[in-house]
Structure formats: C-alpha cells, structure tokens
1. Against the definition (outside any helix (DSSP H, G or I) and more than 43 Å from the chain's Cα centre (by Cα)), how does Leu118 come out, yes or no?
2. Looking at Arg31, is it surrounded by 10 or more Cβ atoms within 10 Å (Cβ to Cβ), in contact with a helix residue (DSSP H, G or I) (Cβ under 8 Å, 6 or more places away or on another chain) and without any contact (Cβ under 8 Å) to a residue 24 or more places away in the chain?
3. Based on what the data block shows, is Leu80 part of a helix (DSSP H, G or I) and at pLDDT 95 or above?
Amino acid sequence: MTFVLSGFLGSFVLVVFLAVLFHYEGTLGRRFGERWRVRADFYILKIKYTLHKSYRRISNDLLRQIFRYLYHMVLRLTLLCVTRAEKWLRENIHANRSLAKYADRESVTKSKLEELTLHKAEVALTEEEKKIHRERSLEGM
C-alpha cells in the first residue's frame, strides 16, 4: 500500500469514528470522556496561545530586522553612488587642471622658441647686475 493511500484510509476511518462518536454524544446529551476532553482542550488552547504570542514577537522582530536590512542596503547603495561620483569628479578635476595649464601656456606662447625667449627675458640680468657681475669676474683674475 502506498503512503498516500494509507493516509487517505486512516483519515477516512478517523472521520467515520468522529461522526459516530458525535452522533452517540448527541443522542445521550453529554460528552464522552468529559474530564479528559476538557483537559485536552485546555492544553491545546495553552499551546495555541503560546504559539500565537511567540509568532507575534518573532514577526515584530522580523519586520524590524527586514526594515533595518533594507535601510542598510539603501545607505550602502547611496554611499557607493557618492563614492563613484567623487572618483569621477576627482578624475575630471585632474584632467581639467592639466588641460587648463596647457591652454594657459598655449595662450601665452605659440612655440617652444617663443617660450624660451620669454623665459630668457624674465630671468635676464639688469644693467647694474651685469656691471657688478663683470667687476667681480675681473677681480677674480
């Protein structure tokens, strides 16, 4: 016999037994095994109350934990986006700085020779400095 068939037969026998028992109790007007059934009802209700209380406690904590986890994930995603945006901005600032320096240099000079000429003019000695330098070099001889 298969498991399903034996389960079906067991359920059928139990339903028939309960139907006969309830019919018998109805004709007599009292419950069969009153003390035992009241005690069983009490324990079943006690177990039901304990399970319900535990379920409420667990479900409240579970919902709170789920909310905290989702909030944490949103914060983590926000931090990741901000970090990537900061990295992109730093790269653009660095690239722009290089381009700005190059553009500044290009706007002042047109070629390397002009840049050398401008540098030579900036660091050239004045007539007084040339005279002092010439006198010192003649004294050293």
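The values are calculated or read from the model by the stated rules, or taken from the named source; none is laboratory data. Computed from a predicted structure; not experimentally measured. Note that each Cβ is placed from the backbone with ideal geometry, even for glycine, and that neighbours are counted across all protein chains shown.
1. Here the answer is no, as Leu118 does not meet what is asked.
2. It is true that Arg31 is surrounded by 10 or more Cβ atoms within 10 Å (Cβ to Cβ), in contact with a helix residue (DSSP H, G or I) (Cβ under 8 Å, 6 or more places away or on another chain) and without any contact (Cβ under 8 Å) to a residue 24 or more places away in the chain.
3. Yes, satisfied.
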